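A.B. asks: Below you will find the structure I want to go over with you.
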Amino acid sequence: MYSANNDDFDSSDNDQEKDSNDDEILASISTSSSNLNYNLEEEVKKVQCLFDRCDTEYMWLGSTSNLLSYLRDIHQITKESLANKLVKVHQQTIQQPIYLVEIDDFKLLIKSFDSRFKMPCVSTIKTIIFGTYTLVVKQIIDLILGMSDTVSLTFDIWSSRVHDGYIKITCYWLTESFELHKIILEIGKLNNHYAFDIVESVNSVLDKFNINRQKCAEHILQLSVNLELKQVNKLISKCKTLVSILSKEKKIKQLRKAQLQINLGLKKPLDVIKNMDIR
């Protein structure tokens, strides 16, 4: 009787503890339902490693720790090892980036990522680049012709630290609704900063994009004025000499004093206008 009652007592205690645990679980679920939902959603998120046909799936909870640990332990890849490989490749291709595909270290680096990838040769890359460039040039021509009849161009010319010359040609145009558009037509190397070389570079770009050249009206007017002024060059030369003399500090004081003596009602004497050449 005693043992039976003892068994019954133990069973009752176990039931009470089980009920108590169930109550705690339910209370935990009810008070932190957002955390539970978050965990359930994250459990279905998996990522697959595609490094060298690995195809292993593992859990992802929004952090890169799993990825870094997996690459380190399974594929023996770390930030340091990858950086060393990239630095070594960069040192060999600093002057010829396209020929990067012919360097053995770069081939091994890409093969370690995906052994199925077939490295294209230099000729193939050049063909792709040239084909893409030709297509983009045609698209730019169609874009300009479809939006405007006239365009304006600006030119930027500069030299590098090693004295290599470069030129940038930018095209601007307005639509019928007066919306301003611009596009860089070319950034190319310039042999010299001479007018002949600049004109040759600009004309080659204009021909490439089928832009008809029109003479600048302001430039034509300036040339016409300069041509007519040649007939009075002697008079202009004398005027420049006179202005140069009267622009000296001593002569300026004498000229102002003379004006005040001649015209007693003059409040502010006049000074000569300095000669300044303009284009």
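The values are calculated or read from the model by the stated rules, or taken from the named source; none is laboratory data. Please read these numbers as outputs of a predicted model, since none were measured by experiment. Backbone-built Cβ (ideal geometry, glycine too); neighbour counts: all protein chains shown.
A.B. asks: Could you go through segment 149-161 and let me know if any residue there is touching a His at 6+ places or on another chain (Cβ under 9 Å), surrounded by 11 or more Cβ atoms within 10 Å (Cβ to Cβ) and either in contact (Cβ under 8 Å) with a residue 60 or more places away in the chain or β-branched (V, I, T) (or both).
C.D. replies: yes
A.B. asks: In segment 84-131, what residues are at pLDDT 70 or above, aliphatic (A, V, I, L, M) and assigned to a helix (DSSP H, G or I)?
C.D. replies: Of everything in segment 84-131, those that are at pLDDT 70 or above, aliphatic (A, V, I, L, M) and assigned to a helix (DSSP H, G or I) turn out to be I98, L100, V101, L108, L109, I110, V122, I125, I128, I129.
A.B. asks: Condition (residue is of a type outside the set (D, E) and closer than 30 Å to S160 by Cβ) applied to segment 217-235: is it met by at least one residue?
C.D. replies: The answer is yes; a qualifying residue exists.
A.B. asks: Moving on to the next point. Got at least one residue in segment 182-190 being surrounded by 11 or more Cβ atoms within 10 Å (Cβ to Cβ) and in contact with an Asp or Glu (Cβ under 7 Å, 6 or more places away or on another chain)?
C.D. replies: Looking through segment 182-190, at least one residue is surrounded by 11 or more Cβ atoms within 10 Å (Cβ to Cβ) and in contact with an Asp or Glu (Cβ under 7 Å, 6 or more places away or on another chain).
A.B. asks: Continuing with this model, one more query. Condition first: polar (S, T, N, Q) and either loosely packed, with under 11 Cβ neighbours inside 10 Å or more than 29 Å from I220 (Cα to Cα) (or both). Now tell me which residues in segment 242-279 satisfy that.
C.D. replies: Matches in segment 242-279: S244, S247, Q254, Q259, Q261, N263.
A.B. asks: For segment 152-206, which positions are acidic (D, E) and under 26 Å from A217 (Cβ atoms)?
C.D. replies: D156, E176, E179, E186, D197, E200
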